Amino acid sequence: MRLDDYDDSIRVEDQRGSGGGFGGGGGGLPLGILAFVGSRFGIVGVIVVVIGFALFGGLGNLLGGGGQSALEAPGAGQGGETVAESCNVNAFSKESCNALSSLNKTWRPLLAQAGIQPVAPKLVFYSQAGQSGCGAAQSAMGPFYCPTDQGIYIDTDFYTEMDKKMGAGGDFARDYVMAHEYGHHIQNLTGLSEQVQQAQRRNPSRANQLSVRLELQADCYAGVWAANNRDRIEPGDLQEGLTAAHQIGDDTLMKAAGRRPVEAAFTHGSSAQRMEWLKKGLDSGNVQACNTFADMAS
């Protein structure tokens, strides 16, 4: 995808090289992660994480691999002090900054049209371990959005994992990851995230089902962003995005981890669902097409 270079309006924080205060890689499951998962997915999510960590040696295996990668991008462990330095640590950092800039420009008018104050999120780079407003950040968690500090957190080593271990490489696949996390930022601004969390607390038995709907909507929002930048899309990009959506579906990840897929344990949606909603956003380019909650009884 041919995105313009980032502009000076993006907010970037760089924790690479600082150690994040937690050290790297292994060890137990940090309480900060449990707090983050609990706030987002409820007690059911916490139980799933704890079981997964115990059975498979860490969340990284559920995402296709975790810990220090021998294929780590050059310079990934050293951060920058300015936006320019941070965005140019490696090629993946530059892509992430370019994507953030494009996402800001695309969503600003869409939010304004809906009467929502368009507040841009910050992009936070870290390596192996860091700290977010939602608690500890570990590379095994994969990229995530923290509503508390409106930050998109990324260890760019994840992109190497996507390519080499999950078969989901390509610049558009990586842009899709950024756009998905930005989708969670949109949900935070609209108040939907808080509504879903309240519903999960009221009815824990539906926590996973509600989480899936939230994640699928973020996939659809990623498609809306891409559709609004259709002139930037190159041959093969759409297939890269759909492949990435398939490879990070709950059923595919569970199979890769040697588990039998159980729909009740899904938190992000099946591969088929993730591809369907990404494509729905791509085909329509319309936020109104992303109501993943429409067929749910109240």
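Here are some notes:
- Residue ID - modelled with the lowest pLDDT, chosen from residues in the stretch 141-189 that are β-branched (Val, Ile, Thr) and in a loop (DSSP other than H, G, I, E, B): Thr156
- For the stretch 146-155, the candidate set comprises residues that are in contact (Cβ under 8 Å) with a residue 40 or more places away in the chain and surrounded by fewer than 24 Cβ atoms within 10 Å (Cβ to Cβ); within that set, the residue that is farthest from Gln187 (Cα to Cα) is Gly151.
- Residues of the stretch 273-297 satisfying the condition of being within 29 Å of Asn203 (Cα to Cα), in contact with a helix residue (DSSP H, G or I) (Cβ under 9 Å, 6 or more places away or on another chain) and loosely packed, with under 15 Cβ neighbours inside 10 Å: Asn291, Met296
- Number of residues in the stretch 236-256 that are surrounded by fewer than 16 Cβ atoms within 10 Å (Cβ to Cβ) and within 20 Å of the chain's Cα centre (by Cα) equals 1.
- Count of the stretch 177-219 residues which are surrounded by 18 or more Cβ atoms within 10 Å (Cβ to Cβ), of a type in the set (Gly, Ala, Ser) and either at positive phi or in contact with a strand residue (DSSP E or B) (Cβ under 6 Å, 6 or more places away or on another chain) (or both): 0
- Filter result for Val224 (assigned to a helix (DSSP H, G or I), within 14 Å of the chain's Cα centre (by Cα) and β-branched (Val, Ile, Thr)): no
- Once the stretch 102-140 is narrowed to residues that are among the polar types (S, T, N, Q) and in a helix (DSSP H, G or I), the residue that is surrounded by the most Cβ atoms within 10 Å (Cβ to Cβ) is Ser139.
- So Arg201, is it without any contact (Cβ under 8 Å) to a residue 24 or more places away in the chain and in a helix (DSSP H, G or I): no
The values are calculated or read from the model by the stated rules, or taken from the named source; none is laboratory data. Because the structure is a prediction, the values reported are computed rather than measured. Note that we place each Cβ from the backbone using ideal geometry, even for glycine, and neighbour counts take in every protein chain shown.
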